[in-house]
Amino acid sequence: MAYNQVITIPAHPNIYNGNNERMLRIEYSIPQRGTNDDTGIVLLVPGFGGSIDSRVYKKMRETFADTYNLVTVQCDYFGHKFMQNANEITFPHDMLKRKLSKEDFEALMADQSKLYDIIGAYSTQFTCKAVIHETENEFADMSYMQAIDNITAVEAVKIILKENDLPFNHNKIFGYGHSQGAYILHLANRMAPHLFSYIIDNSSWVYPLYLHSNRYLYQTIGKAKVAMEFEYMARSYLKDKTALTLHNLYKGFNNGAYIYSLLGTTDNLVNVQDKKASISRLNYTHFELIDQNKVDGEIFKSTNHGLDADFLKLFDAVIKKIPEHQNRNEFMQKYIISSAQTRMIADYGSVLPLFQFM
């Protein structure tokens with residue numbers, strides 16, 4: 001079984017307010033048989049609802065290390081804790097008063113612990129608001145800080161391998177992400193053009209969806225259907241949102257990574273033609289549209305967002321298809337990243353890279 005390690009290091013300073021008190025948790029696994037000159041690295045990036053503590057990701061870290069001779073890396077990136085289910089919710093009083101009987105509403109006002117028992121008796125939909133305790137120090141920015149943390153995680157593990165005389169192949173670095181996680185990989189590819197050899201993108205959006213509309217999770221309580229609404233701070237906080245579309249990020253970009261992108265025909269969160277167009281001008285890309293004929297019940301269980309994919313089997317299928325490839329982009333110690341009205345400077349002059357707005 002792979003050797004599993006966890007480290008906690010000072011995180012990259014917050015690019016929005018300069019705060020540098022946050023710590024970054026990184027978990028990585030090394031193949032049981034050790035590493036060699038052909039050992040690669042794979043960065044796993046979950047999207048909404050997945051996390052570093054999810055059983056499937058723990059299994060992926062261990063399995064991929066031994067099966068594919070990869071050092072597997074994952075981090076608890078900036079704001080990710082706000083991308084899970086909600087621990088605290090509120091129901092608007094006026095809605096409850098309108099939908100509940102007078103007796104039930106008064107009973108609920110007298111004893112809030114009866115909430116689920118009372119609304120569960122109604123065959124209707126209730127809307128509630130998720131209480132998200134985001135602050136400027138940490139919030140689900142769905143963009144730069146999340147990409148920076150993932151870049152940092154790979155660079156930190158590379159340092160650990162070098163310091164422990166564990167050989168690895170610098171030209172064999174994978175990124176594997178799903179939905180928002182796949183989008184983060186595209187952004188990280190733009191911010192660190194030399195880093196990735198391969199990116200496997202399952203259902204990345206062209207633009208972070210919840211920067212322009214709220215997120216909803218649905219659950220059933222008794223007879224009732226409950227729509228839980230998440231309104232993220234980044235929606236009003238980030239100003240130059242157009243800079244975050246793949247169209248602008250990749251405009252004029254010399255892509256060095258081989259990008260294998262998958263999207264379902266019935267994905268209601270991503271426009272198929274828009275996604276295909278966003279990467280079509282890049283070198284080294286393969287776009288695979290998953291229609292009903294490709295739904296095999298093993299790798300793909302639907303053509304919806306995320307494809308209801310088996311993450312382990314999908315990785316296995318793609319890694320067998322992709323060609324030998326090397327990122328030819330030259331490493332630069334300092335460079336500028338531009339998209340729309342946003343300009344950032346990347347500086348690899350320290351132990352770990354530093355990014356800041358210009």
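Points to keep in mind about this one:
- Number of the exception - G264 against (1) touching a strand residue (DSSP E or B) at 6+ places or on another chain (Cβ under 6 Å); (2) closer than 22 Å to A153 by Cβ: (2)
- Residues of the stretch 305-321 that turn out to be within 27 Å of P208 (Cβ to Cβ), surrounded by fewer than 16 Cβ atoms within 10 Å (Cβ to Cβ) and touching a strand residue (DSSP E or B) at 6+ places or on another chain (Cβ under 8 Å), as a count: 0
- Within the stretch 2-12, if we keep just the residues that are in contact with an Asp or Glu (Cβ under 9 Å, 6 or more places away or on another chain) and within 22 Å of M344 (Cβ to Cβ), the residue that is surrounded by the most Cβ atoms within 10 Å (Cβ to Cβ) turns out to be A11.
- Output for the stretch 310-339, where each listed residue is over 27 Å from P46 (Cβ atoms) and among the aliphatic types (A, V, I, L, M): M332, I336
- You will find that of F139, F174, the residue that is surrounded by 12 or more Cβ atoms within 10 Å (Cβ to Cβ), aromatic (F, W, Y) and closer than 30 Å to T39 by Cβ is F174 and no other.
- Among (1) more than 19 Å from G79 (Cβ to Cβ); (2) touching a His at 6+ places or on another chain (Cβ under 6 Å), the one test that T152 misses: (1)
- Qualifying positions in the stretch 315-345 - without any contact (Cβ under 8 Å) to a residue 40 or more places away in the chain and among the polar types (S, T, N, Q): Q333, S338
- Qualifying residue in the stretch 141-159 (condition: outside any helix (DSSP H, G or I), farther than 25 Å from M228 by Cα and assigned by TED's automatic domain parsing to the domain that holds V351): no
- The lone criterion from (1) in the same structural domain as L70 (by TED's automatic domain parsing); (2) acidic (D, E); (3) surrounded by 14 or more Cβ atoms within 10 Å (Cβ to Cβ); (4) more than 29 Å from L70 (Cβ to Cβ) left unmet by D291 is number (3).
- In the stretch 1-38, the residues that are of a type in the set (D, E, K, R) and more than 22 Å from the chain's Cα centre (by Cα): E21, R33, D37, D38
- Hits in the stretch 19-51 - residues which are surrounded by fewer than 19 Cβ atoms within 10 Å (Cβ to Cβ) and closer than 25 Å to H186 by Cβ: R22, R25, G49, S51
- Residue match in the stretch 165-183 (condition: on the phi > 0 side of the Ramachandran plot, touching a residue at least 60 places away in the same chain (Cβ under 8 Å) and either in the same structural domain as L70 (by TED's automatic domain parsing) or out of contact with any helix residue (DSSP H, G or I) (no Cβ under 9 Å at 6 or more places or on another chain) (or both)): yes
- Restricting attention to the stretch 271-315, the residues that are in a helix (DSSP H, G or I) and farther than 19 Å from H186 by Cα total 5.
The values are calculated or read from the model by the stated rules, or taken from the named source; none is laboratory data. Everything quoted here is computed from the prediction, not taken from an experiment. Cβ atoms come from the backbone with ideal geometry, glycine included; neighbour counts cover every protein chain shown.
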